[in-house]
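FYI, it's all coordinate maths here, none of it is from the lab. On a predicted model such as this, the values are computed, not experimentally measured, just so you know. For neighbour counting, all protein chains shown are included, and Cβ atoms are generated from backbone atoms with ideal geometry for every residue, glycine included.
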């Protein structure tokens, strides 16, 4: 992977949106990173909005091309980026870091990071991806978000954003190098880091609550949940929500 070219901007609605616009006019190159201190309309999975206090957190997007390696199932990219952020946070002494399916990063039961990946295809092959990351770093409070937390809230330490960004990018770079391995191996690494893996948990699907146990994921990113009488069911992100 080439070195990163970091472009820092004061404010934008969404780094993913801006980077996609740059890609559409051929302004972006492999490894380009857009980083802003103020993101006004950051996006999460689905229709959710990523809330971030100006100047306190990391909100950045990376453009990555896949010319030298073929990615059969794009979900493995999500796995590796998630594992990269997990490794970065662990190196910064954040405790009890896990990946909540599909790609939220947790410290204990608190969400510290969200990831949004937008893939671009040529034919049926993954050509490139825009990898958006929102990491709660120094924010001191989160209004009406009881399950959110920042690195500062967890450790009591104030972090240098440049240093945290450098740590995250280097960790992601190292994990993306694992794309040369089999996708099954990558899935196993991801499963080993899953939040609430193997533990009885409460889920919501179609307005109903039920208990199940996360047993893993498949190559397409569907969640394997063991129900009563050992029945194994696959769920996608739109049909299930982990409640605890």
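Summary of computed values
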item: Between the stretch 1-38 and the stretch 62-139, the alpha-carbon center distance in angstrom; result: 16
item: The stretch 200-242 shape via C-alpha gyration tensor axes, a/c threshold 1.5; result: oblate
item: Tensor-based shape of the chain (alpha-carbon gyration tensor, a/c under 1.5 rounded, otherwise prolate or oblate); result: oblate
item: Normalised contact order of the chain, rounded percent, pairs of Cα under 8 Å and 6 or more residues apart; result: 16
item: Antiparallel bridges, percent of DSSP beta bridges restricted to the chain (to nearest 5); result: 80
item: Choice from 95, 200, 146 showing the highest fluctuation, given a GNM over the chain with Cα pairs closer than 10 Å; result: 146
item: Per-peptide average of other Cβ atoms within 10 Å, ordering 167-174, 226-233 highest first; result: 167-174, 226-233
